[in-house]
Structure formats: C-alpha cells, structure tokens
Amino acid sequence: MTTFPHEEAVELVGALRELIATVRVVDAPIEVLSAARRLIDDARAVLDPHRYVGQVAQGALEGEGIGLRTPFVGTPNEFFPYSPIVGPLNPVAPPVRMWADDALRVHGAVTLEAPYNGPPGLVHGGVLALIFDELLGACAVVNQCPGFTGTLTVKYLRGTPIRTPLTMEAWIDRVDGRKTFVSGELRNGAIVTATATGIFISVDHQIVKQ
C-alpha cells in the first residue's frame, strides 16, 4: 500500500482543519451549502479506498506501532502525531504545540478558534480539560513516567478567550510507586485562567492488551 508523504498528510489535515473552522461560522445560502457538500463528498470518495480499518493509536496509524513503554523522543507533537490535542495528523486537534525544556517541564501554545467555543467568546471548559489531560500526561511521558489518567482536577479561575494566543506549562510534583502526580496551568498573557492537577497510573502493557 502506498502511503502519503508525511508533508502531504500534514498539509491535507491542515486544509481540513481550516475547512472545519470555516464551516463552524459559515452563514451561506442553501445552494452554496449544497455545492460545498458535493465537493466534500467527492474528497471523501477519493480517500475512502485508502482507509485503514485496524486498531489505531495516538503514536502511529496502526495500533501496534507504538507501545506504552516506547522511550520518549522529539516533542509531544512528533511522539503523538494522531493525538486529538497535539497531533498534526489529526484534523480535530487544534493542534496545541508542546515542547519540553531542560528541566523536563512541558510548555504549550495554541490559539483556539470558533470550533472550540463554549460561552460567548470563551473556550468550552471541556476543551480545556481535554488540553490539560494531554499537557499533564505529556509531562509524565517526557519524564519517562507514562501512564493512564487516574484523576484529573481542573480549576477554572476565569474565562479563557477564543481567538487569543494561550500558553501553558506542566511539571512533575512527585512520583509515588506507580502514581505520578503532575500539575499545570494555562495562561492568557500573564493571567492564569485555569489550573489542573492529575495522577497518572503506570500499568503493565500486557494487561492493557488483554
């Protein structure tokens, strides 16, 4: 099977992401909507014969392509290319750009557009929880403590605006046996709009597969 060159796949996903953002705010006549629908149907027909239908994962198209114990390399965006939060190959991802510093703290940056809106002009709280889950989880992975989310507690301090550059940071508080305790915060400029704490549980990969 011939696969996309990686750059072409990223460009395709980026174009679809822009299409989703446009459809979210479009107010067009019925005939325009119908014409657009036909074009989308045509694009799907071109891609459908190449659809992979096996087990999938965040780290690879094929579910067995990356395991829980695979050593972290690169950035979270590179390590989890199909993530719904940071994945450049996932059209529903914003995507949040994440990277680690020398102290193994994970930083992130994103501007969330209308598809992620909740209250007027603000990001949906559930979207922020999703981002925190990835941010704190990525911090655990970067620190070689990968695991599943056991608990995630988000505190919403004030509204987080859409269409505004946002930054974030996460760090390890402590590791206690199989439990990794992680904290993080999200900022609009110098203002912290939300914070989160999470516990990530290390598990045996063989248990997960059963």
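Return the residues of the stretch 155-187 that are surrounded by 20 or more Cβ atoms within 10 Å (Cβ to Cβ) and not polar (S, T, N, Q); say none if nothing qualifies.
Ile162, Leu166, Met168, Ala170, Ile172, Val182, Gly184, Leu186
Go over the candidates Glu113, Glu134 one by one and state the one that is farther than 23 Å from Phe79 by Cβ, within 16 Å of the chain's Cα centre (by Cα) and not assigned by TED's automatic domain parsing to the domain that holds Ile20.
It is Glu113.
Within the stretch 64-83, is there a residue that is assigned by TED's automatic domain parsing to the domain that holds Ile199, of a type outside the set (A, V, I, L, M), in a loop (DSSP other than H, G, I, E, B) and more than 16 Å from the chain's Cα centre (by Cα)?
No: zero hits.
Considering only the stretch 164-198, state which residues are in contact with an Asp or Glu (Cβ under 9 Å, 6 or more places away or on another chain) and basic (Lys, Arg).
Hit for the stretch 164-198 is Arg187, nothing else.
Evaluate the following for Pro120: is it closer than 28 Å to Arg24 by Cβ, outside the structural domain of Val10 (by TED's automatic domain parsing) and surrounded by fewer than 21 Cβ atoms within 10 Å (Cβ to Cβ)?
On the way: closer than 28 Å to Arg24 by Cβ: yes; outside the structural domain of Val10 (by TED's automatic domain parsing): yes; surrounded by fewer than 21 Cβ atoms within 10 Å (Cβ to Cβ): yes.
In short, yes.
The values are calculated or read from the model by the stated rules, or taken from the named source; none is laboratory data. Just so we're clear, the structure is a prediction, and the values are computed from it rather than from any experiment. In this analysis, Cβ positions are derived from the backbone assuming ideal geometry, glycine residues included, and neighbour counts consider all displayed protein chains.
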